[in-house]
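In what follows, a single structure is set out as structure tokens and then discussed.
Computed from the coordinates by the stated procedures, all read-outs in this text should not be read as laboratory data. If you're wondering where the values come from, they're calculated on a predicted model, not measured in any experiment. For neighbour counting, all protein chains shown are included, and Cβ atoms are generated from backbone atoms with ideal geometry for every residue, glycine included.
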Amino acid sequence: MSLLSVRDLTVKFAMRDQTVTALDQISFDLGKGERLGIVGESGAGKSITGFSLMNLLSRPGFIDSGSIQFEGEEIAGLPDRKMRSIRGNRMAMIFQDPMVTLNPVLTIGQQMVETLQAHRRLSRADAEQIAIMKLREVYIPSPEERLAQYPHELSGGMRQRIIIAMALLLEPQLIIADEPTTALDVTIQADIMELLLELCTSNMVGLILITHDLGVVSQMTERTLVMYAGRIIEAGKTREIINDPQHPYTQGLINALPQQTLPGHRLKQIPGNMPGLAAIPTGCAFNPRCPYAVDHCRSTRPETVSYASVEVACHEVNRLHNTVLEDESA
Amino acid sequence: MLAYLVKRLFQAIAVMLAISLIGFAIQDNLGDPLRELVGQSVSEETRQQLRDELGLNDSFFTQYLRFLGNAVQGDLGTSYFFKEPAVDVILKKLPATLELVFGATLIIVGLSVPLGVYTAIKPNHVLAKVIMGASIVGISIPVFLTAILMIYVFSVEYQWLPSYGRGDVVHVFGYWDTNFASLDGWSHILLPSIALASIMLPLFVRLIRAEMMEVLQSEYVKYAKAKGIHPFRIYFVHALKNTLLPVITVGGVQIGTMVAYTILTETVFQWPGMGFMFLEAVNRVDTPLIVAYLIVVGFIFVVTNTIVDLIYGLVNPTVNLARMGA
Ligand SMILES: Nc1ncnc2c1ncn2[C@@H]1O[C@H](COP(=O)(O)OP(=O)(O)OP(=O)(O)O)[C@@H](O)[C@H]1O
Ligand SMILES: [Mg+2]
């Protein structure tokens, strides 16, 4: 049994004058202890995916259709009371910016203890002991003293470690981390990622890592979803996707990586921008930016097909692959 | 901490100096103390002589310094009408006014927090819309109209509550007369307190609601939800504490302001406090009393603001009082 199984998940936003689709029939699976990356440019729907899994979409967003099975239980549309016993307990979330994630007027100790007490019958003293233990696991120096401190007394890196410790408090099966290092100093980003990787592996915790950094994905995850305009356009083993991307969009993302650019050359950005939800092009949403687009791409939405060792939603993947091969042999 | 206190104290003194200067300027320009002292029938020569003796011909600045020196010693002149030190007259009226402000504050705090929180949590509920609508109406009706309407309904039509005076007050601590120790006292202070609260209450409901709605959008509230925290705890621990921090500052200032608002309420309800007294003093051109009132009210205002700032610093963990002094 897989840990998480998402089928045809569709999320919409009921705006004043129209209803827009933010997630369009997303499907993916996650095994126990497996680490999955979700990549894509800003506005692709990565965060919306994370929040839908938690059933935490804020108005006017709602799950329109589809199913989310978590440990065999259907959780899409679960009433809040039941969902609450899953959140923070079996499924935890790490937010992007540790500077605004913690409540400024509550101590670290209060915020950790309340999380434990929300899900377990524990005395405050016992909860604090668990909190101290978890803080130690994320290498927080003198954890006992931290409990009495307020968030503003700690650095960003320290806070994100504490948030990671909080995610682990109740030994969840799944952690959703939405760009957990973007807001941090570059020098400590790698440390935090390494810590997250270490803890997920040693505790057999499933991880959904949301990021726009393909480099991070390749170090952290086993499988990857590439999202564009609310759809998954490519999915497969991270190694395959990085080494042999099939979708022109994924190729574009990889070519735009600094490592792929010779010194002195400009970064090869994909021309154009991700469309807004109200203006998603018909056919393949990527077609206006795609160098290989043909008429068919502009009129018909591509189905997801297996190609090479990945799932990809592109009409022209066959032709594309052959041209690339011809180029290489030439 | 000490540095902050000292800094705050200096600010308070500066404000008091400004108020005293205004007070003195009024005294200097309003009414002629000689007429009050000797009447019309004295010759111009004697008048000039008296002026010299009283120092009324000294420069503005010298006179102000003298005024200030007396004020610091608690001497704000003698009321023309009561023939008593103005400060004594005011101190006798002070308890009535402070109790009225206290009653109104109780009503405001007791109602604005639950109403503000409720309308923030359920903004689309009919009841919330009714409360918000009523708050607009409440803000726009003047205090004296509210007061007269209440007197008409509760005192005249139904005769449930008395319409004027303090009723049976109980003498406590050898100085203070209180309304809060007898049923009659309570029944007398109820309507005036509601009238006084009627302007501030809707403002506070709206302020708390606006702050709370903003806080509910914050990342840390979303994070608390993601941790599976019960909504009650999110509302009343996570959100309310952050909501009330800015409200405390605004609220403290408003409570200070309310002391001045009592003039209207006390007049309508014939409440024997210093607001009522002030209006009478104005009618009688009792200049020393008018000036003394301004200075005492200014003093109360400055003291409440300073206390509020200190409380804010104490309850807000991100404010470091020690560092703020620097
Ligand atoms: N409350 C909302 N109302 C309307 N549209 C929204 C709302 N929240 C998000 N969206 C839209 O949904 C789309 C996906 O947003 P999402 O936050 O998932 O993007 P993302 O992939 O996480 O991007 P980023 O890398 O910038 O975090 C965007 O087009 C965004 O404008
Ligand atoms: Mg995002």
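The table for this structure:
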item: Straight-distance crosslink candidates among aspartates and glutamates, where the alpha carbon sits under 16 Å from residue A:82 and sequence neighbours closer than 8 are dropped; result: A:71, A:73, A:74
item: Length released on extending from residue A:145 to residue A:319, taking residue separation times 0.36 nm less the Cα-Cα span; result: 56.4 nm
item: DSSP-loop chymotrypsin sites (Phe, Trp or Tyr not before Pro) across the range B:170-253, with at most 12 other Cβ within 10 angstrom; result: B:173, B:175
item: Folded to 0 to 90 degrees: helix A:124-137 orientation relative to chain A principal axis, Cα; result: 50
item: Partner chain coverage, peptide A:104-116 - average Cβ within 10 angstrom; result: 4
item: Normalised contact order of the range A:174-322, rounded percent, pairs of Cα under 8 Å and 6 or more residues apart; result: 19
item: Rounded tilt (10° steps) of A:186-203 against the dominant C-alpha axis of chain A; result: 80
item: Given 14 as the ceiling on other Cβ atoms within 10 Å, longest exposed-site-free region of chain A for trypsin sites (Lys or Arg not before Pro) in DSSP loops; result: A:122-265
item: Choice from A:224, A:181, A:201 with maximal GNM fluctuation in chain A (Cα, 10 Å cutoff); result: A:201
item: Point-charge dipole on Cβ atoms (K/R +1, D/E -1) for the protein assembly as shown, about Cα centre, debye to 20; result: 920
item: Fluctuation leader among A:173, A:149, A:259 - chain A, Gaussian network, Cα springs under 10 angstrom; result: A:259
item: Normalised contact order of chain A, rounded percent, pairs of Cα under 8 Å and 6 or more residues apart; result: 20
item: Candidates A:294, A:305, A:216: whichever shows maximal mean-square fluctuation once chain A is modelled as a Gaussian network with Cα springs under 10 Å; result: A:294
item: Dipole-positive endmost among A:106, A:148, A:164 within the range A:104-169 (Cβ charges, Cα centre); result: A:164
item: In the range B:82-146, the trypsin sites (Lys or Arg not before Pro) that fall in loop regions by DSSP, at most 12 other Cβ within 10 Å; result: B:83
item: Karplus-derived 3J(HN,Hα), 6.51/-1.76/1.60, for each residue of the range A:234-242, Hz, glycine and proline x; result: 7, 8, x, 4, 4, 4, 4, 5, 6
item: Nearest-0.05 FRET efficiency for residue B:130 and residue A:81, computed from C-beta distance (R0 22 Å); result: 0.20
item: Extended-chain gain in nm, criterion 0.36 nm per residue less alpha-carbon gap, residue B:248 and residue B:152; result: 31.1 nm
item: Summed residue charge, Cβ within 13 Å of residue B:245's Cβ, Lys/Arg positive, Asp/Glu negative; result: -2
item: Contact order relative to length of chain B, as percent, for alpha carbon pairs under 8 angstrom and 6 or more apart; result: 29
item: As computed over the range B:91-273, the Cα convex hull volume per residue (Å³); result: 135
item: Degrees between helix B:274-283 axis and first principal axis of chain B (Cα, 0 to 90, nearest 10); result: 40
item: Spin-label zone in the range A:291-313 - amide nitrogen under 19 Å from a point set 7 Å from the Cα of residue A:240 along the C-beta vector; result: A:303-313
item: Radius 9 Å from Cβ of residue A:252, net charge of other residues (Lys, Arg +1; Asp, Glu -1); result: +2
